[in-house]
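Read through the structure below, which is laid out as structure tokens, and then see the notes.
The values are calculated or read from the model by the stated rules, or taken from the named source; none is laboratory data. This is a predicted model, so every value here is computed, not measured. Every residue, glycine among them, receives a Cβ derived from its backbone with ideal geometry; neighbour counts consider all protein chains shown. Each accessible area value is taken on the protein alone, full model and side chains, heavy atoms only, with ligands, DNA and RNA left out. Shrake-Rupley method; radii C 1.70, N 1.55, O 1.52, S 1.80 Å.
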Amino acid sequence: MPWPAWATERIELVEPDPSWSARGMALAAELDAVLSPWLVAAVEHVGSTAVPGLPAKPVLDLMAAVPDPDALVRDGLACLGAAGWVLVPPELDARPWRRFFVRPDGRGVRRLAHLHVIRPDGRHWAQVLAFRDLLRADQQLARQYATLKTALAREHADDRERYTEAKREFIEATLGSC
């Protein structure tokens, strides 16, 4: 079975878009409604598009806190599918602590948004929010991250996993300095 086009699109960073914040809030509110039977906290806009002034892939990242991500997949997949979300199979995502969804554009060519479904009591929920908030609060840190992301996007333009992994050291060092 061939991969959908959005699954293999190149990493391309774009200049910050002031509309990302409002679009992230609107999508979070939409997901709050769709996922309300499972949520234990409001859906959060995270990732680089949630940091004003930060270059990013033009893909909104949202994070939903649920007690059991597998139960959401089992019981809520139809609701998410009806809202345009596609589950990335856990064996392909290779991150057992989350369930990952993509919302592609109408043609199925580009990613519009990601949804990370995780437990709120695990370390990942707190770390993602802490990193976002540190970048929002410290412009110098955000500039350093932007420089790194730009270099890594050039180096790993065709490999999302390597791009993501290459940012890990910076993220862990930043969180370790808190």
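Applying the condition of being without any contact (Cβ under 8 Å) to a residue 12 or more places away in the chain and outside any loop (DSSP other than H, G, I, E, B) to the stretch 32-49 and asking which residue is least open to solvent (accessible area, probe 1.4 Å) yields 32. Checking the stretch 50-70 against the condition returns a match, with at least one residue being touching a residue at least 12 places away in the same chain (Cβ under 8 Å), assigned to a helix (DSSP H, G or I) and surrounded by 21 or more Cβ atoms within 10 Å (Cβ to Cβ). Could you say whether any residue in the stretch 144-157 is in a helix (DSSP H, G or I) and within 19 Å of residue 43 (Cβ to Cβ)? No, every residue in the stretch 144-157 fails to be in a helix (DSSP H, G or I) and within 19 Å of residue 43 (Cβ to Cβ).
One line per residue, one yes/no per condition, for (1) more than 20 Å from residue 10 (Cα to Cα); (2) touching a Gly at 6+ places or on another chain (Cβ under 9 Å); (3) open to solvent by 70 Å² or more (accessible area, probe 1.4 Å); (4) not aliphatic (A, V, I, L, M):
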site: 132; (1), (2), (3), (4): yes, yes, no, yes
site: 148; (1), (2), (3), (4): no, no, no, no
site: 155; (1), (2), (3), (4): no, no, yes, yes
site: 161; (1), (2), (3), (4): no, no, yes, yes
site: 167; (1), (2), (3), (4): no, no, no, yes
site: 176; (1), (2), (3), (4): yes, no, no, yes
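Across the stretch 106-122, the number of residues qualifying as open to solvent by less than 30 Å² (accessible area, probe 1.4 Å), at pLDDT 95 or above and either over 24 Å from residue 50 (Cβ atoms) or part of a loop (DSSP other than H, G, I, E, B) (or both) comes to 0. Looking for something in contact (Cβ under 8 Å) with a residue 40 or more places away in the chain, outside any helix (DSSP H, G or I) and under 23 Å from residue 126 (Cα atoms) - is there at least one such residue anywhere in the stretch 9-31? Scanning the stretch 9-31 turns up no residue that is in contact (Cβ under 8 Å) with a residue 40 or more places away in the chain, outside any helix (DSSP H, G or I) and under 23 Å from residue 126 (Cα atoms). Within the stretch 85-98, if we keep just the residues that are open to solvent by 30 Å² or more (accessible area, probe 1.4 Å) and either part of a strand (DSSP E or B) or at positive phi (or both), the residue that is modelled with the lowest pLDDT turns out to be 94.
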